[in-house]
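Asks: Structure incoming, see below.
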Amino acid sequence: MTPDRRPAHEHRHPVDLPDWMRGPAPTRRTPTRLLDDLVERQRGLNAARRAWWRWRDRTRWSDSHPHVVAVVSFVFAAVVGTAAVFGAYYLLALAMRGHY
C-alpha cells in the first residue's frame, strides 16, 4: 500500500472548529459591495468591467519581447539625457553672453 492512500478502515480525526468558523457572520453591506452589486446589475457596466479585466490580464508586448524593450528604452533615455545636457549648455552659453 502506498503511503498517500489510507486503508478504508482508518478515519481522520474529527476537526473541532470554533463557532465563528462553522457559522460565519453574513457579509457587511459596505459602499464597495453596494457599488459592486450596482455594476453587476447593469449590463453595460458589467461588460465594461469584464473588458477591463481582460485588458488588465493580457500579455503585454514588453513581457514577450523584453530585450527589444530594453534596447529601445536605453536609446530613448540616452537621447533624452543628451538633449537635456545640451539644452543646459545652450542656456548657460546664452546666460554667459548676456542674451538670457
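Every read-out reported here was derived from the displayed coordinates using simple, explicitly stated rules and does not represent laboratory data. Source: prediction; values computed, not measured. In this analysis, Cβ positions are derived from the backbone assuming ideal geometry, glycine residues included, and neighbour counts consider all displayed protein chains.
Asks: Considering the alpha-carbon set of the chain alone, what are its Rg and its Dmax in angstrom?
Replies: 31.3, 98
Asks: Return one number: the angle in degrees, 0 to 90 and rounded to the nearest 10, between the long axis of the Cα atoms of helix 43-56 and the longest principal axis of the Cα atoms of the chain.
Replies: 70 degrees
Asks: Roughly how tilted is helix 31-41, in degrees to the nearest 10 and between 0 and 90, from the longest Cα axis of the chain?
Replies: 80 degrees
Asks: Per the helix-only calculation at 222 nm, which mean residue ellipticity applies to the chain, given -39500 (n - 2.57) for every DSSP H run of n ≥ 4 and division by its residues, nearest 500 deg cm²/dmol?
Replies: Using -39500 (n - 2.57) per qualifying helix, the result is -20500 deg cm²/dmol.
Asks: Nearest 10 degrees is fine. How inclined is helix 66-97 to the longest principal axis of the chain, computing both from alpha carbons?
Replies: 40 degrees
Asks: Relative to 2.2 N^0.38 Å, what does the C-alpha radius of gyration of region 61-100 come to as a ratio? Two decimals please.
Replies: Ratio of Rg to 2.2 N^0.38 Å for region 61-100: 1.86.
Asks: Which FRET efficiency, nearest 0.05, do Val80 and Arg60 yield, Cβ-Cβ r, R0 22 Å?
Replies: 0.50
Asks: Hey, another quick one. Calculate the spin-label point distance for Asp16 paired with Tyr89, positioning each point 7 Å from the Cα along the beta-carbon direction, and give it in nanometres.
Replies: Between Tyr89 and Asp16, the label points sit 8.1 nm apart.
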